[in-house]
Amino acid sequence: MKFRAYIVEDSPTIRDNLIETLQELAEVESLGTCETEHEGRRWFATHHDWDLAIVDLFLREGSGLNVVEAIRQRRPGQRVVVLSNHATRDVRWRCAQLGADAVFDKSTEIDKLVDYCLQRREPSLRLAAA
């Protein structure tokens, strides 16, 4: 059973590399991507069958913080992570306040993001095997 993610990231290079890395190492299926706050908020308002939202903070238009806040109310088991080059202590605190489950630094914590995805998949794998 795949873990389904939607990615809000404005850099095509980062987006493509992230999709490939997560598919290969954590069996995460990309449901799609967008580059702006408006597109992200609209997608999450109309789609409810996802497991993971990966959100960058600085987008082509708008802020990832507003996307995180917009999906604060979600189904149990759905997770929201922020992936940013600006993962300072203050940013991590603010993201948690807005409902993010985790924050990872793009430059140094991709392996931690992969581990996070693998850990979140474990419960669904156990349920599928039961």
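A short reminder: the numbers here are calculations on the coordinates, not readings from a lab. Computed from a predicted structure; not experimentally measured. Cβ sites come from the backbone with ideal geometry, for glycine too, and all protein chains shown count toward neighbours.
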field: Other-chain or far-sequence residues with amide H under 5 Å of SER63's (modelled H)
entry: GLU37
task: Report the net charge of residues surrounding ASN66, where surrounding means a beta-carbon distance below 13 angstrom and charges are Lys +1, Arg +1, Asp -1, Glu -1.
output: -1
- prompt: For labels at GLU24 and GLN97 in the simple 7 Å Cα→Cβ model, what's the distance in nm?
  reply: 3.9
field: Entry for Kirkwood radius over Cα pairs in Å (calculated from the structure that is shown) out of (i) 14.6; (ii) 15.3; (iii) 17.1
entry: (i)
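Looking at the square roots a ≥ b ≥ c of the eigenvalues of the Cα gyration tensor of the stretch 1-75, which shape do they give, rounded for a/c under 1.5, prolate if a/b is larger than b/c, or oblate?
Working: a/c = 2.24, a/b = 1.21, b/c = 1.86.
The shape class here is oblate.
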- prompt: So who's got an amide H within less than 5 Å of the one on VAL55, skipping anything under 5 residues away but keeping other chains? H placed 1.01 Å off N, in plane.
  reply: VAL8, VAL81, VAL82, LEU83
